[in-house]
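Here the structure comes first, spelled out in structure tokens, and everything after it is commentary.
The values are calculated or read from the model by the stated rules, or taken from the named source; none is laboratory data. Owing to the predicted nature of the structure, the values given are computational and were not obtained by experimental measurement. All Cβ positions, glycine included, derive from the backbone under ideal geometry; neighbour counts span all protein chains shown.
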Amino acid sequence: MKFRQLAVFGAVALVCSFAVVARSAETGKERYERAKPALEKAKLTLEQGVEAAMKKVPEGKAVEAETKLEQGRAIFEVEMVSGTEHREVRIDAATGEVLSVEEQPESRKNKRELEEEKTENEAATTSKTTLAEAIQIAREEVKNGKAFDVCFHRRNGKLAVGVELFDGSMIKAVHIDPQTGKVLEVKEESIK
């Protein structure tokens, strides 16, 4: 009986680990395809969505933002960090209305999410460049780009800000040093 329970547990753990790897291996094109319908409906920019979240949670620092479509409505989801508390602020991308502010409970997080949170906590306490500023820097680099995803992440072991923008038929990922605000690299990926 114990062997059977262990086998079932092992199979479930294996499936879950594949799901985490699949999500982390998602390409810019796949993220864009998910964001595209929302980008078409959004009247505001992702930068404006981040600024609205910062006004709603003024004691927090934005560490991640994405554009998505929920029930036919364009939404900006912005993760805010205050101390070690993480909140998700949902903004209507057409009106700028704050739809909700929710705490993200510790108990529901998997290992990958906890590791991301560690990076986000570091970004919230050490970064000199805000997400809104990073989006602005990326838009200056990619003149006609429309930002749809931005987050702090590790790049070659160091903290960086990644901004993904749609520019015609290309996804451009602009990596920025959060201490200096300087562009580290611009990568292109075709969406065709």
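Looking at the stretch 59-76 only, could you name the residues that are within 15 Å of the chain's Cα centre (by Cα) and surrounded by fewer than 19 Cβ atoms within 10 Å (Cβ to Cβ)?
To start, the set of residues in the stretch 59-76 that are within 15 Å of the chain's Cα centre (by Cα) comprises 61-69, 75-76.
The answer is Leu69, and nothing else.
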- Considering the stretch 35-71, residues that are assigned to a loop (DSSP other than H, G, I, E, B) and without any contact (Cβ under 8 Å) to a residue 12 or more places away in the chain, and then whichever is farthest from Ala123 (Cα to Cα), we arrive at Gln71
- Query: What are the pairs, 6+ residues apart or on separate chains, where a residue within the stretch 168-192 that is farther than 16 Å from Ala134 by Cβ has its Cβ under 9 Å from a residue that is buried (at least 16 other Cβ atoms within 10 Å of the Cβ) and hydroxyl-bearing (Ser, Thr, Tyr)?
  - Reply: Ile171/Tyr32; Glu189/Tyr32; Ile191/Tyr32
- Among the strands (runs of 3 or more DSSP E) contained in the stretch 78-171, which hold 2 or more residues that are surrounded by 13 or more Cβ atoms within 10 Å (Cβ to Cβ) and under 17 Å from the mean Cα position of the chain (by Cα)? 85-92, 146-155, 158-167
- The lone condition Gly157 fails out of (1) in contact (Cβ under 8 Å) with a residue 12 or more places away in the chain; (2) over 16 Å from Glu26 (Cα atoms) is (1)
- Taking into account only those residues within the stretch 34-58 that are among the acidic types (Asp, Glu) and modelled with pLDDT of 95 or more, which is farthest from the chain's Cα centre (by Cα)? Glu51
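In the stretch 21-34, which residues are in a helix (DSSP H, G or I) and charged (D, E, K, R)?
Arg23, Lys29, Glu30, Arg31, Glu33, Arg34
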